[in-house]
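The values are calculated or read from the model by the stated rules, or taken from the named source; none is laboratory data. Bear in mind that the values here come from a model prediction, so they are computed numbers and not experimental data. Quick reminder, even Gly has a Cβ in these numbers, built from the backbone with ideal geometry, and neighbours come from all protein chains shown. We work out accessible area using only protein heavy atoms, side chains counted, and drop any ligands, DNA or RNA first. Shrake-Rupley method; radii C 1.70, N 1.55, O 1.52, S 1.80 Å.
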Number of protein chains: 2
Amino acid sequence: PWLGRAMERELYAGLDLGGTKIAAALLTGDGRVVGRARLGSRAGSGGEVVADTMVAAVDEALQRAGATRAALRGAGIGAPGPLDFDSGVIVFAPNLGMRDFPLRDYVAERLGVPVFLDNDVNMGTYGEYLAGAARGSRYVLGVFPGTGVGGGLVVNGEVFRGANGTAGEVGHIIVQQGGTLCGCGQRGCLEAYASRSAIARDLVMLAAIGQAPTVRAAAGTRLKAVKSGVIARAVAAKEPAVCEVVDRSARFLGIGIANCVNLFSPDLVVLGGGLVEKLGGRYVAQVERAMRTHALAAAAAGVRVVAAELGDEAAVHGAVGGLREMLAERA
Amino acid sequence: PWLGRAMERELYAGLDLGGTKIAAALLTGDGRVVGRARLGSRAGSGGEVVADTMVAAVDEALQRAGATRAALRGAGIGAPGPLDFDSGVIVFAPNLGMRDFPLRDYVAERLGVPVFLDNDVNMGTYGEYLAGAARGSRYVLGVFPGTGVGGGLVVNGEVFRGANGTAGEVGHIIVQQGGTLCGCGQRGCLEAYASRSAIARDLVMLAAIGQAPTVRAAAGTRLKAVKSGVIARAVAAKEPAVCEVVDRSARFLGIGIANCVNLFSPDLVVLGGGLVEKLGGRYVAQVERAMRTHALAAAAAGVRVVAAELGDEAAVHGAVGGLREMLAERA
């Protein structure tokens, strides 16, 4: 347990709200994690239940750190979008049963401290900038292939939000006009080719026709059971049809990133999320190669493509960073 | 002629270096144009000849303003890329016969004043921000379909350059993976669908098979003779096959812009260049409609798509703006 001067309000809570779990961490002013907690978020349980669980996760992390709420200076939350940054409202999070829920103010009232709320991908990118693989870069593009393909931008140490607060939405960049149907209703979005869901969709098909035995054994033909670990095991088993699907998805991700490199000219691209973690260096190298093939040489020169370092704690670090900026601006 | 206090060095020269012409303008401190000149730039004549012609254009504009070089505070140049912003060197401008030519320092030495050099599309976007259709916008995307499709970004009143100085390169964003061959050697770039050259390529084909009589009469089947004015006349004549080609190109431009809207979240998109000028409001509306269809609703909300206002003087205004920032930073 952390035995600091708890009464001086020098702990910052970071919360990462995922589709199935809530991760909380307590950070000191110099960025050390002194307490953690992880609670389940039941699907479809609704705004208040989820928010109360988030508060409980903070309390549990405080207890583990040997501290009380009195030590808390504020909380930062990374949450799935779409959310309204200015009002702190979760517009729509179907998995959690949230619609137009004022998450920021609800948690602030329960915890009795200021709360900062932003989307999990911005916060993940920002966390990697503050404490992970993107430290020291001036123009960071974060890309997180998962259920969709999330993205975030950090410019000169600040999250770049653009006019509508939506900047960095790489998942729905169209790379194949008229192509594969995407969950958003458009055709040809990057997500429809390069998300874990897009890979899973193809692998289930292969499983059904006997060309993906590892997937078949682990997940049958249930789309949602094709987790990143299953995909990685099938690749490790060198199942040719599976490798082809993953190679193609890496190539598309590289094309999408090339588009971003041309428009935004980052110095670093950080790839994060469970899929990247499980697939590892070979996948990252494939994505980088495709990016270099498809971006303008002048834009791609010197750009590093790296795997995230903080795993699922990136968003927690970013959210605390956002919180601290907010507090500094108010002071 | 301008009868100001010429000895006080309060005139700024703006230069727009095009493939076939050099435009010079003299601006006062409050942005009024007090002298203009326009000289031809002979194809392939080489760096020194072109640069000397630029100097002559400034002298001619000075003369028309009733002023001398003593009135000049500096010069800003918008030039076709690729160029190296930091060193002021034109890397490669095949039309002008320039390769690795130190244009900035050469002109500075001849004119005896500080010179600022950036690419014409950045400067065009910046000019529209300073004095044209993008005044007052915080996140501006400029898109200029022409020989290629140029783009520029202005954020909080400054040109956004990114890590490699190449930000805003929208022309080679891939919208159709594996699609039509582009001049850059890639397939499926926005330029291969939405530039004036791409339209001309299709119209020449139609002219050859008798489906574009206006084009046939004006240009035969010579690609380079299919100028913006010819395209606009064929559209005005409602030649169905021509309209189909132009509609398709507007739709692709909208898709490319949608990708930029998703990544960058501008509040304003300004469309400029000769093609936009000649095709007018109908074309701009088509591009806007395609952008709205293909961008995320949250990213496209409130985004205005407008035609440029300054015509071929936008880059001149932007270059003077860049010069003045440079002088202010030095002071």
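Brief remarks follow.
- The stretch between B:R69 and B:R201, if pulled fully straight at 0.36 nm per residue, gains 43.0 nm over its current Cα-Cα span.
- Whole-percent carbon and sulfur share, accessible surface of segment A:182-252, 1.4 Å: 54 percent
- Label-to-label distances for A:T68 across copies, nearest first, come out at 8.4 nm, using points 7 Å from Cα in the beta-carbon direction.
- Given in Å, the Rg to one decimal and the Dmax to the nearest whole number for the Cα atoms of chain B are 20.0, 62.
- Rounded D (µm²/s) - segment A:68-136, Kirkwood Rh over Cα pairs, Stokes-Einstein at 4 °C, 1.567 mPa s: 100 µm²/s
- Two-site label geometry, B:A217 and B:R138: point separation in nm, points 7 Å out along Cα→Cβ: 5.2 nm
- Sequentially through segment A:269-281, phi angles give Karplus couplings (6.51, -1.76, 1.60; θ = phi - 60°) of 10, 10, 9, x, x, x, 4, 4, 4, 6, 6, x, x Hz, Gly and Pro residues having no value and appearing as x.
- For the protein assembly as shown, the spread of Cα coordinates along the three principal axes comes to 80, 62, 39 Å, biggest extent given first.
- Annotation for B:D84, label-to-label distances across the other copies: 5.0 nm (shortest first, one decimal, point 7 Å from Cα along Cα→Cβ).
- Shortest-first distances to equivalent copies, position A:R201, nm, label 7 Å out along Cβ: 2.9
- Cut-off under 5 Å, modelled amide H: who pairs with A:N164 long-range: none
- Set the Cα radius of gyration of segment B:239-331 against 2.2 N^0.38 Å, with N its number of residues, and you get 1.31.
- Overall form of segment B:284-331 per C-alpha gyration tensor (a/c, 1.5; a/b vs b/c): oblate
- A simple count of charges around B:A290, restricted to other residues whose Cβ falls under 11 Å of its Cβ and scoring Lys, Arg +1 and Asp, Glu -1, yields +2.
- A Cβ-based charge dipole, computed about the Cα centre of chain B with Lys and Arg at +1 and Asp and Glu at -1, lands at about 940 debye.
- For A:K21, a cut-off of 28 angstrom between C-alpha atoms picks up these lysines, skipping any fewer than 8 places away in its own chain: A:K224, A:K227, A:K278.
- Karplus-derived 3J(HN,Hα), 6.51/-1.76/1.60, for each residue of segment A:241-253, Hz, glycine and proline x: 5, 5, 4, 4, 5, 5, 4, 5, 5, 5, 5, 5, 4
- Using 0.36 nm per residue and subtracting the Cα-Cα separation, the extra length available between A:E158 and A:R99 on full extension is 18.4 nm.
- Taking the C-alpha atoms of segment B:140-282, convex hull volume expressed per residue in Å³: 110 Å³
- Over chain A, Cα pairs under 8 Å with separation of 6+ residues give a relative contact order of 18 percent.
- Overall Cα dimensions of segment A:74-180 - principal axes, largest extent first, Å: 46, 36, 25
- Cα→Cβ-extended label distance, 7 Å offset, between A:A208 and A:R32, nm: 5.5 nm
- Given 16 as the ceiling on other Cβ atoms within 10 Å, longest exposed-site-free region of chain B for trypsin sites (Lys or Arg not before Pro) in DSSP loops: B:239-331
- B:A237/B:T20 FRET efficiency (R0 25 Å; Cβ-Cβ; nearest 0.05): 0.40
- Charge dipole (chain A, unit charges on Cβ, about Cα centre) - positive-most of A:N119, A:G281, A:G31: A:G281
- B:E329/B:E109 FRET efficiency (R0 22 Å; Cβ-Cβ; nearest 0.05): 0.55
- Segment A:98-155: C-alpha gyration tensor shape, a/c 1.5 cut-off, then a/b vs b/c: oblate
- Per-residue HN-Hα couplings for segment B:296-307 [Karplus 6.51, -1.76, 1.60; θ = phi - 60°; Hz; x = Gly/Pro]: 4, 4, 5, 7, 8, 4, x, 6, 9, 10, 10, 7
- Put simply, the amide H of B:F92, placed in the peptide plane, has neighbours under 5 Å in B:D100, leaving out anything fewer than 5 places away on its chain.
- Normalised by the number of residues in segment A:122-204, the average gap of Cα pairs under 8 Å and 6 or more apart makes the relative contact order 23 percent.
- Percent RCO, i.e. relative contact order, over segment B:118-275, from Cα pairs under 8 Å lying at least 6 residues apart: 25 percent
- Using only side-chain charges placed at the Cβ, +1 for Lys and Arg and -1 for Asp and Glu, the dipole size of segment A:42-152 relative to its Cα centre rounds to 360 debye.
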